[in-house]
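Novice: Encoded as structure tokens, here's the structure I'll be asking about.
The values are calculated or read from the model by the stated rules, or taken from the named source; none is laboratory data. Just so it is clear, the structure is predicted and the values come from calculations on it, not from any experiment. Heads up, the Cβs are rebuilt from the backbone with ideal geometry, glycines too, and the neighbour counts pull from every protein chain shown.
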Amino acid sequence: MQLIDLSQTLGPETPLFSDAWPRPTVTPYLSHAQSAFSGRYSGTTVELSFAQFMTSMGTYLDSPFHFNPNGATIERLDLRQLVLPGLRIDCPAAQPRQPLGPELLARHDVAGKAVLLNTGWSSYWGKGSYFEHPFIGAELARALRDQGAKLVGCDFLAADDPNNPQRPAHVALLNANILIVENLTQLALLPSGPFTFHAAPARVVGAASFPVRAYAVVV
């Protein structure tokens, strides 16, 4: 069995959608040094961490509630939506700020699968060009929906063109209960044959999106 990590790290340098967003922080709520003097531990110390971050950052999953006020929030998702047979679709012609089209699905059976779009854009992580990403065009989103995909993942910042306020990819997919995972990486390491994709977030009540440790299992 082979495990392939498909996740970016979440930290102070993680690319954000807006400079106005707060940077993620992880600080000690109780440090090892503080616990040594707390009187609660003997012969050992403990560290308790406090984390604060926007939930749409790093490698993260969008629930239907993200774009549908009547859709399921993160904690209501079934594990069968989060662990799926995976399909890598290579997008060698992906260009900055250009839509990916439905022709990518030719000769692929996407029904019941996590469809992972491999553009190679994750190689720009941490660089300005990462924000000039391609995006899932409206026609491709509708084709994924109509052909029965269960989850769509991409190795760039956002599924939609950030300059299009209608966000057609998010709307078409999430309204059909097709989950979205953004900011994946290392998709080129995935086999062309069968693998299982895992992207389970913590069961945070009421969350619209949440980071995941996305990975593939190849048997």
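Novice: Return the only residue of Leu104, Leu87 being over 19 Å from the mean Cα position of the chain (by Cα) and either under 17 Å from Leu184 (Cβ atoms) or surrounded by fewer than 18 Cβ atoms within 10 Å (Cβ to Cβ) (or both).
Specialist: Checking each option against the conditions leaves just Leu104.
Novice: Next up: Please go through (1) in a loop (DSSP other than H, G, I, E, B); (2) touching an Asp or Glu at 6+ places or on another chain (Cβ under 7 Å) for Pro162 and return the number of the only condition it doesn't satisfy.
Specialist: (2)
Novice: Then there is this: Could you please find all residues in the range 165-194 being more than 14 Å from Tyr60 (Cβ to Cβ), out of contact with any Lys or Arg (no Cβ under 9 Å at 6 or more places or on another chain) and not in a helix (DSSP H, G or I)?
Specialist: Pro165, Gln166, Arg167, Gln186, Gly193, Pro194
Novice: Here's another thing I want to ask about it. Being surrounded by 20 or more Cβ atoms within 10 Å (Cβ to Cβ), assigned by TED's automatic domain parsing to the domain that holds His66 and outside any loop (DSSP other than H, G, I, E, B) narrows it down to one of Phe197, Phe156, so name that one.
Specialist: Phe197
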